[in-house]
Protein chains: 2
Amino acid sequence: MTLHSPKTRRPTIYDVAKQAGVSPSLVSLVLQNPARVSDKRREAVQAAILDLGYRPSRAATTLASSRTKSIGLVIDDYRNLWFVDLLRGMESALTEHGYQVMLADSRPGENRIQEAADGLLAMHVDGLVIAAEPSASMLAGAGVPTVVAGWRAGVPAGADLITNDDDGGGGMAASHLLGLGHTRIGHLSGSGGAAAHRRAGFQARLQESGVEPRIVGESGGTSEEDGYTSTCWLLDHHPDTTAIFAANDTMALGALGAIRARGLTVPADISVIGYDNSTLAKSRYLELTSVDNRSDLVGVDVAKALLARIHDSTVGPQRRLIEPALVVRGTTARPAL
Amino acid sequence: MTLHSPKTRRPTIYDVAKQAGVSPSLVSLVLQNPARVSDKRREAVQAAILDLGYRPSRAATTLASSRTKSIGLVIDDYRNLWFVDLLRGMESALTEHGYQVMLADSRPGENRIQEAADGLLAMHVDGLVIAAEPSASMLAGAGVPTVVAGWRAGVPAGADLITNDDDGGGGMAASHLLGLGHTRIGHLSGSGGAAAHRRAGFQARLQESGVEPRIVGESGGTSEEDGYTSTCWLLDHHPDTTAIFAANDTMALGALGAIRARGLTVPADISVIGYDNSTLAKSRYLELTSVDNRSDLVGVDVAKALLARIHDSTVGPQRRLIEPALVVRGTTARPAL
DNA sequence: GCGGCATTTTGTAGCGCTACAATTTAGTGC
DNA sequence: GCACTAAATTGTAGCGCTACAAAATGCCGC
């Protein structure tokens, strides 16, 4: 590639057309569907593109064609890494159709989901994914296909919903602990929607077997600190507890800390199971048993739902749950006798 | 807000103008500089905007004004959370000037930095930040102000460079361990550029005091697993080691695992210090002493450099190092006698 | 060589917005 | 009320691209 006068304005489709000796329309065609153009012209155009360092203006394309081949993804916080699996899942299903994903976070702490969505909509995204807990009822989509991923509350009217089966995952955790022989079981919960479903599924499955879990922190936070203090409370009030299910891996880490502080050992004295199958859980140092909510699969389904709606605006909104998977590692074992 | 015929095309500036009884130009003015418009018209326009649910088309604005008030940030992998601090730092300095940040990752593993940058450039970003290790020499910027953040290799010609002082951070780790009285010190390194600087700074500071560090994994990876195996090697060959400096927190976690596997205790038997001050390090369970590279400050400087270049294209490229900070927690202590 | 048809190529118009000059309106002093 | 300046408002002309209809070209058999 030759660098032509670096300080000049970027080359346009007209520059390419002139250099290749064809019309701008032809260049546009080459860009969109090279197969429709004769070999001779196609090569001339591609050579000119390379030579000039031409890069089509996304803004102009958007304006002229009124579709961007891109879909917007609103997440809550970059630090909540679950979106990464969601994103990869979406991309795997989207790239083959030529779609891109644009990310925006909702300013953690301020919950500006609508604002983030607006920003994305201003860029003419063809579809919108909300992967953050909507605080108030939002209108969101405003015309473009919208799907809520990973949350169940506050789904805007007309939006698809594709989310992890947190009830099912809670049930899996319960079954795992029951299967190992535990009966005096604690649960560290939190106030969020996901935590509520995990709790419900966990509790229901235990009750089927006649076991009543000791639930802590139902209306509290879900940080490591919360996990720590909840575990302390649990060990104070139910010292015979042999297993703890934490609503997420971070809280499980807190539980590990509290257990260690009591001089107890995991899993010999107490089993611990987390949720999310995060990096934390996978760590060799922690070896945390955890429930993986398969956000990658959620992402794939999100993409499919979006594509379906984009190509056929008459399909109605759907709701689907993705089944999680239990990953057994080193923090769960049979209870001591 | 009234919802007007949801299935119709989105309202344009002309719709707003008609409804407010003014010209499109006036609406545009209200959008850009409300103070320049009389109260009466301004309010009429704003009411119309609200009523119609009007959202300016970013594409049209970009095309017409040829500046987007947005800067592009290329990161390597969303999982490497250091970019979050960088981003927040940038945003804190950018939002007051009305600029937005657009993110793109370079497809982890494939190192498609140029591709990611191209995508951003196609959206007419006014500035570009490369926060990923450039594998080959890239042209990057191609006209727009560019700054490389957090890396020192492969800086494109004409780009600014603002990065963490990894040498300084390594020195801080060394000083900390020396100050505690350690003299038999190991270092878990890696093949990357950042690791090399941390190693160099660490080694230099130790040598000033006549201490020669035992360096492992200089040409290896920087995962938890690498930290684990390197530590095993270290403890095999230098069992008298009393302190270990890991090139990052993840490796430090691996070190903790290996130390525990040997039946040794941290920090009683061995002190461990990491780098990055990640969530991991802050965890109450781990309490890992770590060097914080203050990526937030890097972000602020990146933003300032960019703004300076955008507003005055004649300023030359600059290079600046940001001083890191040591965060002492529970994994470092005086050596046993 | 020529009609008839498929393929390739091109002009024209316009997407929604902003810059800028031109025009209108308001404000001032006398 | 008038000349004059400042402030507010508007019309015009694109920004770079694509859709689409129209035109040009190529290809076939006879």
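Every number here is computed from the coordinates shown, using simple stated rules; none is lab data. Computed from a predicted model, the values in this text were never measured in an experiment. Positions of Cβ are backbone-derived with ideal geometry, glycine not excepted, and every protein chain shown enters the neighbour counts.
Full extension of the chain segment joining A:Asp236 with A:Arg319 gains 25.7 nm, where the gain is 0.36 nm per residue of separation less the Cα-Cα distance. Shielding of peptide B:284-294 by partners, expressed as the average count of other chain Cβ atoms within 10 Å per residue Cβ, is 3. Listed from fewest to most Cβ neighbours within 10 Å, the set A:Glu43, B:Glu91, B:Glu212 follows the order B:Glu212, A:Glu43, B:Glu91. The relative contact order of segment A:1-94 comes to 29 percent, based on Cα pairs under 8 Å that sit 6 or more residues apart. Partner shielding of B:94-105 amounts to 2, given as the average count of beta-carbon atoms from other chains within 10 Å of each residue beta-carbon. Nearest 0.05, what FRET efficiency do A:Ser65 and B:Lys18 give at R0 = 25 Å with Cβ-Cβ as r? Using R0 = 25 Å, I get an efficiency of 0.45. The residue list B:Gly181, B:Ala149, B:Gly217 was ranked by how far each Cα lies along the charge dipole of segment B:116-224 toward its positive end, using unit charges on Cβ atoms, and B:Gly181 comes out on top. The DSSP beta bridges internal to the protein assembly as shown are antiparallel in roughly 10% of cases.
Give me log10 I(q)/I(0) at q = 0.07, 0.10 Å⁻¹ for the protein assembly as shown, Debye formula, one equal scatterer per alpha-carbon, no solvent. After summing over all Cα pairs, the log10 values are -0.55, -1.06. With no solvent and one equal point scatterer placed on each C-alpha of segment B:67-133, evaluate the Debye formula and give log10 I(q)/I(0) for q = 0.13 Å⁻¹, two decimals. Values returned for q = 0.13 Å⁻¹ are -0.32.
For trypsin sites (Lys or Arg not before Pro), the sites in segment A:256-337 that DSSP calls loop and that have at most 16 other Cβ atoms within 10 Å are A:Arg262.
Estimated from the Cβ-Cβ distance and a Förster radius of 35 angstrom, the FRET efficiency linking B:Ala336 and A:Ala336 is about 0.60. Counting only Cα atoms, the size of segment A:72-193 along its three principal axes is 55, 34, 28 Å, in decreasing order. With the simple spin-label model, which puts each label point 7 Å out from Cα in the Cβ direction, the B:Ala261 to B:Ala153 separation comes to 2.8 nm. Ratio of Rg to Rh for chain A: 1.14 [Cα atoms; Kirkwood radius as inverse mean 1/r over pairs].
Each copy carries a label point for A:Gly53 at 7 Å from Cα toward Cβ; from one copy, the others' points are 4.4 nm away, ordered from shortest.
With all projection directions averaged, the alpha carbon convex hull of segment A:139-294 covers 9.8 nm².
Closest approach to the axis carrying A onto B, counted by Cβ on chain A and given in whole Å with its residue, is A:Ala59, 2.
Looking at the calculated P(r) for segment A:255-335, what percent of the C-alpha pair distances fall above 20 Å? Here the long-distance tail beyond 20 Å is 50 percent of all Cα pairs in segment A:255-335.
Take the alpha-carbon centre of segment B:205-233, take the same for segment A:286-312, and report the distance between them in whole Å. Cα centroid of segment B:205-233 versus Cα centroid of segment A:286-312: 40 Å apart. Around the Cα centre of the protein assembly as shown, unit charges on the Cβ atoms of Lys, Arg, Asp and Glu (plus for the first two, minus for the last two) sum to a dipole of about 1940 debye.
Rg and Dmax of segment A:1-109, both derived from C-alpha coordinates alone, stand at 18.3, 57 Å. Backbone N atoms of segment A:274-305 closer than 19 Å to the 7 Å Cα→Cβ label point of A:Ser209 belong to residues A:274-275, A:289-292. Dividing the summed -39500 (n - 2.57) terms of all DSSP H runs of n ≥ 4 by the residue count of the protein assembly as shown sets its mean residue ellipticity at 222 nm at -13000 deg cm²/dmol. Relative to the dominant Cα principal axis of chain B, helix B:166-180 is inclined by about 40°. Distances from B:Gln318 to itself in the other copies, using label points 7 Å out along the Cα-Cβ axis, amount to 5.4 nm in increasing order. At 7 angstrom along the Cα-to-beta-carbon line, where would the label on A:Arg67 sit relative to the other copies? Give the distances in nm, shortest first. Distances to the matching label points in the other copies: 3.5 nm.
Comparing Cα centroids, segment B:17-91 and segment B:99-127 end up 21 angstrom apart. Cross-link pairs exceeding 31 Å in C-alpha to C-alpha distance, out of B:Lys282/B:Lys304; A:Lys304/B:Lys282; A:Lys69/A:Lys282; B:Lys40/B:Lys69; B:Lys18/B:Lys69; A:Lys282/A:Lys304, comprise A:Lys304/B:Lys282; A:Lys69/A:Lys282. Placing one equal scatterer on every Cα of segment B:194-258 and applying the Debye formula, the log10 ratio I(q)/I(0) at q = 0.12, 0.17 Å⁻¹ is -0.28, -0.56.
For the residues of B:276-283, the average number of beta carbons from a partner chain within 10 Å of their own beta carbon is 3.
DSSP beta bridges confined to chain A are antiparallel in about 10 percent of cases.
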